[in-house]
1. Tell me which residues, restricted to the range A:101-113, are within 20 Å of A:GLY67 (Cα to Cα) and not in a strand (DSSP E or B).
2. Can you pull out the residues in the range A:163-196 that are more than 16 Å from the chain's Cα centre (by Cα), under 18 Å from A:ARG246 (Cβ atoms) and either within 8 Å of DNA strand B (Cβ to nearest atom) or of a type in the set (Lys, Arg) (or both)?
3. Looking at (1) within 16 Å of DNA strand B (Cβ to nearest atom); (2) at pLDDT 95 or above, can you tell me which one A:GLN261 breaks?
4. Considering only residues that are surrounded by fewer than 18 Cβ atoms within 10 Å (Cβ to Cβ) and either free of Cβ contacts under 8 Å to residues at least 60 places away in the same chain or part of a helix (DSSP H, G or I) (or both), look in the range A:10-36 and name the one that is farthest from DNA strand C (Cβ to nearest atom).
5. Among the residues of the range A:70-87 satisfying the criterion of being surrounded by fewer than 18 Cβ atoms within 10 Å (Cβ to Cβ) and outside any loop (DSSP other than H, G, I, E, B), which is nearest to DNA strand B (Cβ to nearest atom)?
6. Among the residues of the range A:196-211, write down those that are in a helix (DSSP H, G or I) and within 13 Å of A:LEU151 (Cβ to Cβ).
7. Here are A:ALA217, A:ALA208: which of them is surrounded by 15 or more Cβ atoms within 10 Å (Cβ to Cβ), within 15 Å of DNA strand B (Cβ to nearest atom) and closer than 27 Å to A:ARG56 by Cβ?
8. When the range A:220-262 is examined, which residues are found to be buried (at least 17 other Cβ atoms within 10 Å of the Cβ) and part of a loop (DSSP other than H, G, I, E, B)?
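The values are calculated or read from the model by the stated rules, or taken from the named source; none is laboratory data. Predicted, not measured: the structure shown is a model, and the values here were computed from it. As a convention, Cβ positions derive from the backbone with ideal geometry for all residues, glycine included, and neighbour counts pool all protein chains shown.
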Amino acid sequence: MPELLEVESYRRLADRTVGRRIRSIDTPDAWYLKGNTAEELKAAVVGTTVVATGRRGKLLTLTLGNGRILGLRFGMTGRLIVDGEAAIDELVYGARRQNPGWDRFTMRFGTRREPPGWLTMSDPRRLGGVELDPDIERLGPDAATISRPQLMEALRSAAPVKAALMDQGRIAGLGNLLTDDVLWRAGLAPARSSNSITGDELATLHRAVRATLRVLARRGGSHTGDLQDERSRGGHCPRDGAPLRRDQIGGRTTIWCPVHQR
DNA sequence: CCGGATGTTCACCT
DNA sequence: GAGGTGAACATCCG
């Protein structure tokens, strides 16, 4: 998916639907509906209005006029399209082409007197989903606004710091690409046990989370990190020129510099 | 042809 | 219980 930065741009796009009334929904893929049948979903949302958008980590939420919350998850390849316009032209690991067969969920808006339009989730790999009233509190604090004490709490674990940062229940929003760039920026080895992080290192890591999100947001997304060009082929550290390492940590391919990440 | 890819969940180990 | 591993989902790309 889309990590935090992409989902935030999806949220801003979805903001366009605030104030619109949901006329109908298309649910061509029952598997995409988590926890509800199409009939239940339809009964809960059709006829109500989108009153707000929100985001916690990689979860996009649409608050409806009846108090229900519609949670949208995008997996690795999910895209959001509103009124035919996509928030992001091309996902790095997503499909280049567009295929109507990948439309997994659509809301159609408008009545005689209210604004029309539609919102579609397109997801080739079907790794995302739509859930009514998702358990948002199962997610940790959002990475974009997490405080230093909250980060310390998130790292109260014997797991590698990389695994803890990717654990959405501990801290929400960081995926594989962002996490590698955060640790690179912080100078921390990804396999370091979380509870071995010192107070000074925690402060550095906290700043690195914020800096990485700020810088990559400005550059255009999670795939614009300093390590991105080095991910595919064995590259060199942009900071000190050392050969980068490629390891499996927390179940994911991890790129890191053994010289300055300690 | 094969392996891996911005993710999550689950079963099964240690 | 905590942590790790591999599978599953489906498609594209190198």
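1. A:GLY110
2. If the condition is that a residue be more than 16 Å from the chain's Cα centre (by Cα), under 18 Å from A:ARG246 (Cβ atoms) and either within 8 Å of DNA strand B (Cβ to nearest atom) or of a type in the set (Lys, Arg) (or both), then A:ARG192 is the only one that fits.
3. Going through (1) within 16 Å of DNA strand B (Cβ to nearest atom); (2) at pLDDT 95 or above one by one, A:GLN261 breaks only (1).
4. A:VAL18
5. Filtering first and then ranking leaves A:ALA86.
6. Correct list: A:GLY199, A:GLU201, A:LEU202, A:ALA203, A:THR204, A:LEU205, A:HIS206, A:ARG207, A:ALA208, A:VAL209, A:ARG210.
7. A:ALA217 is the lone residue from the list that is surrounded by 15 or more Cβ atoms within 10 Å (Cβ to Cβ), within 15 Å of DNA strand B (Cβ to nearest atom) and closer than 27 Å to A:ARG56 by Cβ.
8. Answer for the range A:220-262, where residues must be buried (at least 17 other Cβ atoms within 10 Å of the Cβ) and part of a loop (DSSP other than H, G, I, E, B): A:GLY221, A:GLY225, A:ASP226, A:LEU227, A:CYS237, A:LEU244, A:GLY250, A:CYS257, A:GLN261.
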